[in-house]
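The values are calculated or read from the model by the stated rules, or taken from the named source; none is laboratory data. Everything quoted here is computed from the prediction, not taken from an experiment. Glycine gets a Cβ as well: all are built from the backbone with ideal geometry, and neighbour counts include every protein chain shown.
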Amino acid sequence: MRSFLKPAAGLVRLVTPACAGCSSEYAATNSTTAYAPYVSATTASDLDPAGRPSAYSLAFVIVDGDDCTPAWGGTAAVDDAAVASRVSALKESGATVRVAFGGASGTEPAEARDSASALASAYGQALDAAGASAADSDVEGDALTDAASVDLRSEAIAQLQEEREGLSVSFTLPVMPSGLDDDGVALLESANDHSVQVSTVDVMTMDYGSSYDGDMGDYAETSAEAAHDRLADVFGLSDETAWHGLALTSMIDENDVENETFTLHDAARVREFADERGFAWVSVWGSFRNRRCDTTGTTRHHRHHQHHPHRLRDRRRVHRLQRGGPGGRGVRGGVLRLTAEC
């Protein structure tokens, strides 16, 4: 991250969160930030295309049992025909797919391998099966504090990028209103040490803890500001470059922490904030938590993750960006390069 972040070449689809049939306060407006929700790799939701995503994050590849085989959700083989059909359907709109590894549950492949080449092969199998050229590692919990697996992951990803020109790599990390914790920074430093080219750091603005019972929109902005400052300070990035290297993922509706609820008002604030700062993209966990709201625009909260009062929609515009070096990668001024792409 000590080099300049350059925007990716090509077309960036511009989206905005809104609500079908809700009050004018949440009516769709033009947004300059790409939208890339998390979706289930195995189960379709009617609201997967809501918001006209420019990309989908397919969740999650973890290992299957004792044999350490990578699988969708730990159960469906990465080359499962039903998953392949689902991926094809997601791509019909012109959206791309990003393979998401890890997550809060199960075992991330790096925790189950003892060689970088074997791990790179496991990652590659999933990418090939999905026809994807973008990989995201959602690293949290024990996986984030396991220094050995953190370094192994960095080594494997660097190897994979050597083998696959143009492979886009992002990391999704937990964040607090105080910013990234030391383990999150250590992971990025490990990637730096192993010459990984990182396009984006996606911060999960959710599940802060029982003492955080305030406005989730405020917390999202504060968390992103703090993460931005940490990235800029640690890796010597300009303010603008650090913003372009950030993405933000919110957990829509009621979070795992009962007193935290992400509302339509919060979504509108996050959208506006992301536009102002120039985020790489915004995301939600996840499309399967979404449902249409009622015509009054009121919010009803549910414990179950499959229900959510928000709908995402956009009025899409297209904006051309100039390529930053070969393959859209950052100028080689240091070990870790950020390349804003999605």
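Can you confirm whether S178 is touching a residue at least 40 places away in the same chain (Cβ under 8 Å), on the phi < 0 side of the Ramachandran plot and hydroxyl-bearing (S, T, Y)? Step through it out loud before you land on a result.
Values: touching a residue at least 40 places away in the same chain (Cβ under 8 Å): yes; on the phi < 0 side of the Ramachandran plot: yes; hydroxyl-bearing (S, T, Y): yes.
Judged against the criteria, S178 is a match.
Is one or more of the residues making up the stretch 50-71 surrounded by fewer than 19 Cβ atoms within 10 Å (Cβ to Cβ), among the β-branched types (V, I, T), in contact (Cβ under 8 Å) with a residue 24 or more places away in the chain and within 27 Å of M251 (Cα to Cα)?
Within the stretch 50-71, not a single residue is surrounded by fewer than 19 Cβ atoms within 10 Å (Cβ to Cβ), among the β-branched types (V, I, T), in contact (Cβ under 8 Å) with a residue 24 or more places away in the chain and within 27 Å of M251 (Cα to Cα).
Go through the stretch 228-259 and give me each residue that's under 17 Å from D218 (Cα atoms) and surrounded by fewer than 21 Cβ atoms within 10 Å (Cβ to Cβ).
D229, E254, N255, V257, N259
Pairs, please: C-beta under 6 Å, at least 6 apart or cross-chain, first residue farther than 20 Å from L231 by Cβ and in the stretch 202-218, second crowded, with 22+ Cβ neighbours inside 10 Å?
Once the first residue is farther than 20 Å from L231 by Cβ and sits in the stretch 202-218, its partners that are crowded, with 22+ Cβ neighbours inside 10 Å give M216/F262; M216/D266; G217/D266.
Quick check on my filter: what residues within the stretch 114-156 are within 17 Å of N192 (Cβ to Cβ) and under 17 Å from the mean Cα position of the chain (by Cα)?
Residues satisfying the conditions are S137, V139, L144.
Taking the stretch 35-56, which residues are farther than 16 Å from A132 by Cβ and either assigned to a strand (DSSP E or B) or of a type in the set (K, R) (or both)?
Y35, R52
Mind telling me which of the residues A76, A34 ends up being in contact with a Leu (Cβ under 9 Å, 6 or more places away or on another chain) and modelled with pLDDT of 50 or more? Can you show your working first?
Numbers: A76 fails: in contact with a Leu (Cβ under 9 Å, 6 or more places away or on another chain).
Residue meeting the stated conditions: A34.
Looking at the stretch 100-129, which of its residues are in contact with a helix residue (DSSP H, G or I) (Cβ under 7 Å, 6 or more places away or on another chain), within 13 Å of I157 (Cα to Cα) and hydrophobic (A, V, I, L, M, F, W, C)?
Listed by number, the residues that qualify are F101, A110, A116, L119, A120, A122.
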